[in-house]
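Written out below as structure tokens is the structure these notes cover.
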Amino acid sequence: MCGRYQRRSDKQKITEAFHLGNVDGLALELAPDYNVAPQTMQPVVIWDEEFGTRTLRMMFWKFLPPFVADAKNYKLTTINAQSEKLMESGLWQESFLKRRCLIPADSFIEWKRLDAKTKLPWVFAMKDDQPFALGGVWRHWRSPDRKTEMDTFAIITVEPNELLAEKTGHDRMPLIVERKDYQRWLEPGSAERPPVDLLRPFDAEKMKTWRVDRRVNNVRNNDPSLSEPVKDDDDRQLGMFGA
């Protein structure tokens, strides 16, 4: 599961990293977010077929299928989509074939659970400190009364690489799409040949990881210190913050 990531890049850096089209008209003030949580609005890169370019759009991090009547009361957990189910489930298939997206990130967070009350957060990033792309699917949602509508997305998860499995013991990690595959991922392409070969763990040799303060466990905390490394001894003194 991927339930938290970090984005330090502003609109200009995202534009450069993802080779976006003209974004001057986009009224987006993207302040750094050190604790991106589900059910918040986040910048997402999609392919604009009308203009033939990559563009940035604000989306709600929880995938909402059309039958959902109330976004707040939709109980199914759809912040993630398992790669193995993309072509098998009616919930995901159409979006995987037609509406794939890239979620700009500078790092993501996974936890190692020590016991029922204690879980330690690990941050995973690229060794070169460059922003990267989490692979996702999206769709537009509109309430039955047509008073509310928004674009929504889910982050795809795959089997973990060696680094993540070793540090956290998790059996999933977010899909990371390599730069060379951005265009192939974004364009719908042929429904007979979807990019299932890209649904794989990212190369652990290109990544790094470090422990961070357990303050990141609380979504209300959001400041630069949540990206700073901590030692095990430092963390043991933070029991007051709980799991």
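Structural remarks
- Working from Cα pairs under 8 Å separated by at least six residues, relative contact order for region 72-179 is 28 percent.
- This ranking places D106, D115, D10, D70 by how few other beta-carbon atoms lie within 10 Å of each, fewest first, which gives D115, D70, D10, D106.
- Per-residue Cβ neighbour counts within 10 Å put Y74, Y182, Y34 in the sequence Y74, Y182, Y34, beginning with the fewest.
- Lysines with Cα under 27 Å of K75, excluding same-chain neighbours fewer than 8 positions away: K62, K85, K98, K112, K117, K119, K147
- Model label zone, D181; criterion: amide N under 17 Å from point 7 Å along Cα-to-beta-carbon; scope region 95-116: 96-105
- Which of H170, H140 has the fewest Cβ neighbours within 10 Å, and the rest in rising order: H140, H170
- For K127, the aspartates and glutamates whose Cα falls under 16 Å of its own Cα, not counting residues fewer than eight places away in the same chain, are D106, E162, E178, D203, E205, E228.
- Taking every DSSP helix (H) stretch of at least 4 residues in the chain, weighting each as -39,500 (n - 2.57) and dividing the sum by the residue count yields a mean residue ellipticity at 222 nm of -3000 deg cm²/dmol.
FYI, it's all coordinate maths here, none of it is from the lab. What you are looking at is a predicted structure, and each value in this text was computed from that prediction instead of being measured. So basically every Cβ, Gly included, is an ideal-geometry build from the backbone, and we count neighbours across all protein chains shown.
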